[in-house]
1. Expressed in whole Å with the largest first, what are the equivalent ellipsoid semi-axes of region B:114-235 derived from the C-alpha gyration tensor as the square root of 5 times each eigenvalue?
2. What dipole magnitude, in Debye to the nearest 20, does chain B give about its Cα centre under +1 on Lys/Arg Cβ and -1 on Asp/Glu Cβ?
3. Set the Förster distance to 22 Å, then compute FRET efficiency between A:R199 and A:R236 from the Cβ-Cβ distance, nearest 0.05.
4. With θ set to phi - 60° and the Karplus curve 6.51 cos²θ - 1.76 cosθ + 1.60, what are the ³J(HN,Hα) couplings of region A:13-18 in order, to the nearest whole Hz, using x for Gly and Pro?
5. For chain A, find the longest principal axis of its Cα atoms and tell me its angle to the long axis of helix A:262-271, 0 to 90°, nearest 10.
6. Take every Cα-Cα distance within the protein assembly as shown, group them into 20 Å bins from 0 onward, and report for each bin the whole-number percent of pairs it holds.
7. Quick one: Karplus J couplings for region A:370-378, per residue in order, coefficients 6.51, -1.76, 1.60, θ = phi - 60°, nearest Hz, x for Gly and Pro?
8. What percent does the relative contact order of region A:177-290 come to when contacts are Cα pairs within less than 8 Å and at least six residues apart?
There are 2 protein chains.
Amino acid sequence: MAVLTSRATDFPRWYQDVLAKAELADNGPVRGTMVIRPYGYAIWERMQADVDARIKAAGAVNAYFPLFIPESYLRREAEHVEGFSPELAVVTIGGGKELEEPVVVRPTSETIIGEYLAKWTQSYRDLPLLLNQWANVVRWELRPRLFLRSSEFLWQEGHTAHVDEAEAAAYARRIALEVYRDFLTDVLAIPVFIGTKTRKERFAGATNTMTCEGMMGDGKALQMATSHELGQNFARAFDIDFLGADGAKHLAWTTSWGSSTRMVGGLIMAHGDDNGLRIPPRLAPTQVVVLPVRDDETVVAKAREIAAALTDAGLRVQVDARSGLSFGRRVTDAEIKGIPVRVEVGPRDLAAGNVTLVRRDTSVKAAVPLAEAAARVPALLDEVQAGLHAEALALRESRTADVTTVADAAAAAQTGFARIPWRLVGEEGEARLAEDALTVRCLQTPDGEIPPAGGDPDDLICLIARSY
Amino acid sequence: MAVLTSRATDFPRWYQDVLAKAELADNGPVRGTMVIRPYGYAIWERMQADVDARIKAAGAVNAYFPLFIPESYLRREAEHVEGFSPELAVVTIGGGKELEEPVVVRPTSETIIGEYLAKWTQSYRDLPLLLNQWANVVRWELRPRLFLRSSEFLWQEGHTAHVDEAEAAAYARRIALEVYRDFLTDVLAIPVFIGTKTRKERFAGATNTMTCEGMMGDGKALQMATSHELGQNFARAFDIDFLGADGAKHLAWTTSWGSSTRMVGGLIMAHGDDNGLRIPPRLAPTQVVVLPVRDDETVVAKAREIAAALTDAGLRVQVDARSGLSFGRRVTDAEIKGIPVRVEVGPRDLAAGNVTLVRRDTSVKAAVPLAEAAARVPALLDEVQAGLHAEALALRESRTADVTTVADAAAAAQTGFARIPWRLVGEEGEARLAEDALTVRCLQTPDGEIPPAGGDPDDLICLIARSY
């Protein structure tokens, strides 16, 4: 009997099965909350470390702002409060007493960080101010799904202030490309469509939202990270102004951008197969698992020796020699957990001076001489990394249809993405698609780039899909 | 005019001045909450990385549990709910609706993690289960002080389950010693008294609390980290049981342990002087700042060259060549921020082939040949690390008095710690001391070790102090 529901049978149930069997996450006791189990958290920690390094390379620094926001702050930006009000968790009792002003648990931090950007911005010399925080946020969810849509999730949120619109726009775009797109593509091995959101899909309070959209194994879209130009909306609401080089007061231009534990859900759905997770080697907490085929002293010792050599080569390695579990069970477990490469060490192979290397992505096995194993694995990991990306790209290409009518777009979006000139859709077409629960995922130039500022929308194409 | 209030004049005001001038933290808009500014957060990130590595070396793995806990969970352990009830923040509205069961914002996670320890513990083979999480927690504070006592703070909390009492006790002790004491001593350079809390001072729900107590610059004590044996209290409340090797059901034994952003406050108060912070080099986000004395192209270029050589030597280095600020202002800033070593690069020194190295802890300056600078700095950093520890230890020794009566203890505790046999104090003496706002910080063996399990309390000595 298969351990997991097959994806073709029931994709959502397959997803739940993977979460449970790979021990990634569990439901929390309060509806919509999530327990991230150690293996799921190890994946998130690896994502964090890589994204954090990219954010720092882009010049931003980490800070931490309070979880609790005065309710009045949210009301200062009209669209923002309208967008987030239905999802708020509100603290009304503190220290045993009814609070005079109820306090909101942050759904995002533009407002509270805006207050401090204002405080710390006096002169143009203080700008740009480039901040990021790693934090939990709360958005009450009626239809929660672990990692994809939970009432509490973990994320990073960047918030920056700039002297003018062009600099703010360039920075938001830089984050979208150099942090998010590059991380998603090069580390998560998920090809993404980049572009801007339509007015309807924009972040509440933004003047422009850039997005990275991935295709999941069932052809649906997942918004994996977004970067927003906020214009002067929050600068106006929170008095983020500065004395310019010209001696006059100016309002700053701000941006915000975020990526979250939702990416773990994207990882599962973009690469997983009927045997479980498939984690790209650059991300994988464990890149190689060494499995002694038998519970035999010589075999286990040899397995540990190989693992030590691989660790010395700079790889993340585990030996799974659990004595209570058969070899078959341990193989299944390594597959469910998506460990990119297995090194199987058996007495017969050893007698011939070999071990067996197995790729998780293709299940291809190869016997290699013991002495060469450590040298061969790094190249194999590179092949798995490239293989997963190629496979995801091939799926996306096979499921993206160029169409010329909204009706054809709606049909194509039943199984994947529809690509169509925006002028053939427009806000009216977008409203019609919404009736079928379809959305415009992004607008982009015909060659797949983020639209330039001030360009003609009629020159753009858009991607339409069902989405998570 | 001095930039900071002197410590002798007004220690609490000096502390506030350091927080503001070193740009470490700011008050949040909701009473008692805290904004951790980039420099304060960089210090916390360095603490996190080191403590996290020690926790992992002790075999625990990271996970993440929800912020929101059903109110009913807290009531399951009687002492626990009694201890935390007065400090709770309660969410009563979610998604625009009154909640059926109010939800508590976690003040600590024994209850919610207990629920999952129970779920994941079936057999003795599943134990020990060694978990840790990095998270924010909320405890409503009436007298908040940044880093020391804030309504929201950041911490790690470890939670483990074991097959028997001895193993649980040994693990809690291992964490107290190998994670907390070693980190505080070897990295933060703060000597700590270790020992157990009296019954009165124990964590709510614990059977034994081990603590690391540091002495601050004003002679007061700061509890810097604690590790608790929880006996079977939470195992009973949350049904954490397992099938033993004997085939029978047994209740597990659990522990919990934590350290928080409070350590940043301890760092400031243990090492700071009238010129600002003094950060031990092993912790410092910036270990060396290179300061060109003049805004002169050759001098600045040479400064950058030296910085590059120091960076190549594996040090964390910054060049402060801000053109708007005089050399004196930049020196003051480096002092306030507590950067362990300055390299001052001036035209006169350069003409003689030298640069000037300045230690932050002693202000001692030395001209060294340019070619030797990069080689000399690592040893100098080691000296600063050792010097700060020695100075803190000397202060503690000069301010710890051996006494033999409760009255003398109360007198000595006005300026530091009083050490006295516990049998001369007892719970009655402890109650009398409490009237003067003095507490027994810990019980320890006469040679300064954590008391052995089951030892005679009459053999122990205790340390009495005012505390934060």
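Values in this text are rule-based calculations from the coordinates and carry no lab data. Keep in mind the model is a prediction, meaning the values are calculated, not measured. For neighbour counting, all protein chains shown are included, and Cβ atoms are generated from backbone atoms with ideal geometry for every residue, glycine included.
1. Calculated on Cα positions only, the semi-axes equal 27, 18, 14 Å.
2. Using Cβ point charges on Lys, Arg, Asp and Glu, chain B gives about 1240 debye.
3. Step by step, r from the Cβ atoms, then E = 0.65.
4. 6, 4, 4, 4, 4, 4
5. 40
6. That works out to 13, 41, 37, 9, 0, in percent per bin.
7. 3, 5, 9, 3, 4, 6, 7, 4, x
8. Result for region A:177-290 is 22 percent.
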